[in-house]
Structures are given as structure tokens and as C-alpha cells.
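**Student:** I am attaching a structure below and will ask some questions about it afterwards.
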Amino acid sequence: MEPSKDEALSLFKKYNQSESLYKHAIAVEAVMDYFARKFGEDSEKWSIIGLVHDLDYEQYPDQHCTMTRKILEEHQWPEDYIRAIVSHGWGICSDTRPEHIMEKVLYATDELTGLVTTSVLVRPDKNLHELKVKSVMKKWKDKKFAAGVDRNIILKGAEMLEMDLRDLIEETIEAMKKVAPLLGLDGSSS
């Protein structure tokens, strides 16, 4: 049985109370939806996977991906959903290599949404709609900026997708614009 978006959100909220993790989940969900449409894939499925990809992170950071698999199996989620989610931790906390296009997009954009978000938050206007790839690339080069963002993962993901880094950043920014108000990145709070 495939989970609905409402079921996915309910499950996410059961394990996560952090506002920042919720916003990250919304950002990744929007990016997954965008790329699913771009590639002619199932946008509902991709969105759900993006939404719950960090399901276990708040309560089980040292068992990230491992506990997600356990929780989702207990809720009888389909294996392809579970595998996709677990693959985003490849090389960090999971041995599951991203293979399907959906898995590669999640792997490539998870960290990237954090870099994009941080790049907007330091802007005076705090408006994602005004953010340019050039600005993100400038921040990219400053290793102290958003130091927690693993740039190597983003590069590996772009390579897996056979996308230029600039194009991946541009499409990620575009995808996140849809949820900018929910993320507090629409300039209304500056």
C-alpha cells in the first residue's frame, strides 16, 4: 500500500517537532516534486519521499536512515520508498547507493536545499525569488559559509545526474520558490 501525503506528514510530525527540520522537509519535498515533473515521474511519490527523508533525524541522529527503515517497515511502506529514502545517506550513514533517478535527485539536492536556504537568509531582503546562482556559487567557495553543508555530496549527486552544478543549483532555487512563503524566504519577514 502506498502512503498518502497526509499519512507521510502525520508520521513526520510524530517523530519531529523541530521547525527547522520541518522547513527542510518542505524544501526537499518541493524540489522532489519539481524534478519528478521535469523527468515525467510520479510527483506524489517523489514528494512524499522528499517530505519524510529525514524522518528519524531529530530523535535518532546517530542512527539516521537505519531507524527510518525500521519505522517505515513497521508502517508497511513499500520497499522502493524506503530504499530511496535510505539511499540519501549513502556514504555517510547508509551503504545503499542511489541508483534510480529519484534517489539521485534526493541525494544531490538534500544538502543543496540547505545551502540555498542559508544563502537567502543572509540576504538583506531574505527573498528566494531574488536569489541568483552566482550568489550561491560565491557562497559555495567560502567553506566557512554553511560549513555543515557537504559540498562533495552535492558534487557527487550532480555528477550522478549528469548535470552541471550551476544548472542543479538553478533548478533547486526554482523548485523552492513554490514554497518560499512556508520557508520564510519570500522577503515578507525582512
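**Student:** Residue by residue through the range 69-74, what is 3J(HN,Hα) from phi via Karplus (6.51 cos²θ - 1.76 cosθ + 1.60, θ = phi - 60°)? Round to whole Hz and write x for glycine and proline.
**Tutor:** Taking θ as phi minus 60°, the curve returns 4, 4, 4, 5, 5, 4 Hz for the range 69-74.
**Student:** Between GLU44 and GLU79, what FRET efficiency follows from the Cβ-Cβ distance if R0 is 25 Å, with the result rounded to 0.05? It would help to have the intermediate numbers written out before the result.
**Tutor:** Numbers: r = 18 Å, r/R0 = 0.70.
The formula returns an efficiency of 0.90 here.
**Student:** Mind giving me the nanometre distance, one decimal, between the label points for GLU174 and GLN59, set 7 Å out from Cα along Cα→Cβ?
**Tutor:** That separation, rounded to one decimal, is 3.8 nm.
**Student:** Here's another thing I want to ask about it. Can you give me the Cα centroid spacing of the range 17-35 and the range 126-180 in angstrom?
**Tutor:** Value for the Cα centre distance between the two parts: 15 Å.
**Student:** Can you give the local net charge around ILE92? Use residues other than it whose beta-carbon is closer than 15 angstrom to its beta-carbon, Lys and Arg +1, Asp and Glu -1.
**Tutor:** On the way: positive: ARG69, ARG97, ARG151, LYS156; negative: ASP54, ASP56, ASP62, ASP95, GLU103, ASP110, GLU111, ASP150.
Computed value for this residue: -4.
**Student:** Which of the lysines could a cross-linker bridge to LYS134, judged by Cα under 29 Å and excluding same-chain residues fewer than eight apart?
**Tutor:** Partners found: LYS23, LYS38, LYS104, LYS126, LYS143, LYS144, LYS156, LYS177, LYS178.
**Student:** For LEU9, LEU131, LEU55, LEU182, which order do you get if you count the other beta carbons within 10 Å of each Cβ and list the fewest first? Show your work: numbers first, answer last.
**Tutor:** Working: LEU9 18, LEU131 22, LEU55 25, LEU182 15.
Least crowded to most crowded, the residues run LEU182, LEU9, LEU131, LEU55.
**Student:** So if each residue of separation counts as 0.36 nm, and I subtract the Cα-Cα distance between LYS144 and ARG166, what length gain in nm does that give?
**Tutor:** Numbers: separation 22, 0.36 × 22 = 7.92 nm, distance 2.01 nm.
Extending this stretch completely gives an extra 5.9 nm.
**Student:** Given labels modelled 7 Å from the Cα in the Cβ direction, how far is it in nm from LYS70 to ASP125?
**Tutor:** Going from the LYS70 label point to the ASP125 one covers 4.7 nm.
**Student:** Ok, one more. At 0.36 nm per residue, and after removing the present C-alpha to C-alpha distance, how many nm does the segment from LYS13 to ARG37 gain when stretched out fully?
**Tutor:** Values: separation 24, 0.36 × 24 = 8.64 nm, distance 2.60 nm.
Gain on stretching LYS13 to ARG37: 6.0 nm.
FYI, it's all coordinate maths here, none of it is from the lab. Predicted model, so just to flag it, every value in this text is computed and none were measured. With ideal geometry, Cβ positions are generated from the backbone for all residues, glycine too; neighbour counts draw on all protein chains shown.
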